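Q: The structure is given below, and queries will be raised subsequently.
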Amino acid sequence: MSRVAEELPYFKMLHAIDPLMMEGRALMFNRTTPAHPDRHDPMHAWAILVILGSFQEGTLFIPRLNLRVRYIPGDVVVLRGRILVHEVEVWVGEQRISLAHFTHE
């Protein structure tokens with residue numbers, strides 16, 4: 001964590017104010033994800049996705065709703081990840097960081 005905080009001041013700030021209210025946290029760099037449900041989450045649990053980085057734009061696609069949600073640095077998306085299949089599509093620009101908070105059964 002200290003190396004990431006040294007290189008990314010906003011990550012250090014986020015870590016200082018985020019007491020991790022949920023069980024798990026995943027930090028993902030420059031990663032797309034295919035359409036998937038969060039199978040290990042309880043049925044009605046929330047997944048919280050915090051979007052960071054230096055990219056210009058991207059989308060989170062929710063096929064069941066035929067919905068593409070804007071995905072740019074500073075956005076926070078909250079969804080029931082086990083109920084709604086979702087995928088992160090290719091983005092425009094440079095570094096994309098996603099900080100996912102979740103609870104597993």
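The values are calculated or read from the model by the stated rules, or taken from the named source; none is laboratory data. Keep in mind it's a predicted model, so treat the numbers as computed, not measured. With ideal geometry, Cβ positions are generated from the backbone for all residues, glycine too; neighbour counts draw on all protein chains shown. Each accessible area value is taken on the protein alone, full model and side chains, heavy atoms only, with ligands, DNA and RNA left out. Shrake-Rupley method; radii C 1.70, N 1.55, O 1.52, S 1.80 Å.
Q: Working only within the stretch 79-105, note down all residues that are surrounded by 15 or more Cβ atoms within 10 Å (Cβ to Cβ), among the aliphatic types (A, V, I, L, M) and free of Cβ contacts under 8 Å to residues at least 40 places away in the same chain.
A: Leu79 - this is the single residue of the stretch 79-105 that is surrounded by 15 or more Cβ atoms within 10 Å (Cβ to Cβ), among the aliphatic types (A, V, I, L, M) and free of Cβ contacts under 8 Å to residues at least 40 places away in the same chain.
Q: Can you give me the number of residues within the stretch 25-67 that are open to solvent by 40 Å² or more (accessible area, probe 1.4 Å), closer than 11 Å to Arg96 by Cβ and either assigned to a strand (DSSP E or B) or hydroxyl-bearing (Ser, Thr, Tyr) (or both)?
A: 5
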